[in-house]
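Where a number appears in this text, it was derived from the coordinates with a stated rule and is not lab data. On a predicted model such as this, the values are computed, not experimentally measured, just so you know. Cβ coordinates were reconstructed from backbone atoms using ideal geometry, including for glycine residues, and neighbour counts include every protein chain displayed.
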Amino acid sequence: MKLEQFLYSLYEERIARRLPPQTIPRHVGVILDGNRRWAKSFGEPAATGHRRGADKIADFLTWSEELGVEVVTLWMLSTDNLHRPAEELHALLSIISDAVRELANEGRWRLRVVGKLDLLPDDLARDLRRYEESTRHIDGLHVNVAIGYGGRHEIADAVKSLLHTYDEQGLSLADAMSRMCVDDIANHLYTKGQPDPELVIRTSGEQRLGGFLLWQSAHSEFYFCEAFWPDFRRVDYLRALRAFSTRERRLGR
């Protein structure tokens, strides 16, 4: 091991040891940003960056397990991404399918696919559901793979689902409006039954959510990392957790 790597390893472990266990977030959301810019910096096509980014996911989930995180949400494809050039989109969808299959085949993580799968090619949507089902028995880290995901779409789908439930109960529109509350909508989100993310990380230096977990992130802490997603390291994760541990979370109280 080179001296620089050895010193970095010591630095990482020092940060990890100093993280109070009670400050580790139960749920971490991640916007996996910067794959294309990473590839461009090496003169490579976008697909190369997407593949490199996909390879990083298992590392991140392993780090999360080791640190005691219970739920991770990975934003792999937004609804806006579906408007990219056909050639790039085709390659990206193939890479995403392969990545989710490999995560399922690990047999370590329980997957939940969240997003507008009806906007995806039928064969991809079927494969994603199959990969999800194959992990249903696993009790390990819960991993939401957000594919064809947009926060506004999720909220709209939650309200539609709730109204459908009211309709099945025979409620009038007036009764439904009087009964509807925040908790009812939350119980129809893609992430229903899970804790909201306490920490949301975005890589690549961009400082915006872009529609990620709009409802769930109302009380989240945000951490913006300069590294492109393919370059994201364990030490970057530890720094995010260290920053999170210093925040005073009053939750509006």
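Within the straight-line cut-off of under 25 Å between alpha carbons, the lysines reachable from Lys116 are Lys56, Lys160, Lys192, sequence neighbours fewer than 8 places apart in one chain being disregarded. Amide H contacts of Glu198: Arg26, His27, each under 5 Å away and 5 or more positions distant or on a separate chain (H built 1.01 Å from N in the peptide plane; Pro and chain starts excluded). Shown here: P(r) over Cα pairs in 10 Å bins from 0, in percent, derived from the displayed model; of the candidates (i) 5, 16, 24, 27, 16, 10, 2, 0; (ii) 7, 28, 35, 21, 8, 1, 0, 0; (iii) 7, 32, 37, 18, 4, 1, 0, 0, it corresponds to (ii).
Between Leu173 and Leu82, residue separation times 0.36 nm minus the direct Cα-Cα distance comes to 29.3 nm.
For the stretch 47-142, the set of trypsin sites (Lys or Arg not before Pro) satisfying both a DSSP loop assignment and a count of at most 11 other C-beta atoms within 10 Å is given as Arg136. For the stretch 195-253, taking Cα atoms only, Rg and Dmax work out to 11.9, 38 Å respectively. Note down the relative contact order for the chain as a percent, whole number, built from C-alpha pairs under 8 angstrom at least six residues apart. Relative contact order here is 26 percent. The stretch 1-128 gives an Rg/Rh value of 1.02, both radii derived from C-alpha positions and Rh following Kirkwood.
Put the Cα centre of the stretch 108-157 next to the Cα centre of the stretch 30-53 and the gap is 23 Å. Averaging 1/r over each pair of different alpha-carbon atoms in the stretch 107-159 and inverting the result gives 11.8 Å, the Kirkwood hydrodynamic radius.
In this label model, Val182 and His164 are separated by 2.6 nm, measuring between points 7 Å along each Cα→Cβ vector.
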